[in-house]
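First the structure, in the form of structure tokens, and then the observations on it.
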Amino acid sequence: MKCKICNRTAIKQEFCPLHLQAYQNILEKFGKWKMASDVSWTEYLGMIQKNSLTGEWAKDVAKHLMMEGKENVK
């Protein structure tokens, strides 16, 4: 199976190891953002994409999740 984002070999949840790590980090950090600012999942993904300090892997995942219209799985 190939990664949904970059076509590398996927290992879990249809992501390659690099995008999977970014995905897991996004999910983990969202809980903290949600408690601190009551931000929505979509707003959070948008902030990730706009933040100049966010890594490219995380930006790729955030863009992919927004395009798929995926709701937060937590």
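Values for this structure:
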{"item": "Members of the range 28-41 that are assigned to a helix (DSSP H, G or I) and either surrounded by 15 or more Cβ atoms within 10 Å (Cβ to Cβ) or among the acidic types (Asp, Glu) (or both)", "result": "Glu28, Phe30, Trp33, Lys34, Trp41"}
{"item": "Residue match in the range 52-64 (condition: over 17 Å from Cys3 (Cα atoms) and in a helix (DSSP H, G or I))", "result": "no"}
{"item": "Filter pass, Asn7 being surrounded by 15 or more Cβ atoms within 10 Å (Cβ to Cβ), at pLDDT below 95 and not in a helix (DSSP H, G or I)", "result": "no"}
{"item": "Pairs where the first residue, in the range 1-26, is under 14 Å from Glu56 (Cβ atoms) and free of Cβ contacts under 8 Å to residues at least 40 places away in the same chain and the second is basic (Lys, Arg) and surrounded by 13 or more Cβ atoms within 10 Å (Cβ to Cβ), C-beta under 6 Å, 6+ apart", "result": "Cys16/Arg8"}
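The values are calculated or read from the model by the stated rules, or taken from the named source; none is laboratory data. Predicted model only: the values in this text are computed from it and were never measured. Positions of Cβ are generated from backbone atoms using ideal geometry, with glycine treated the same way; all protein chains shown enter the neighbour counts.
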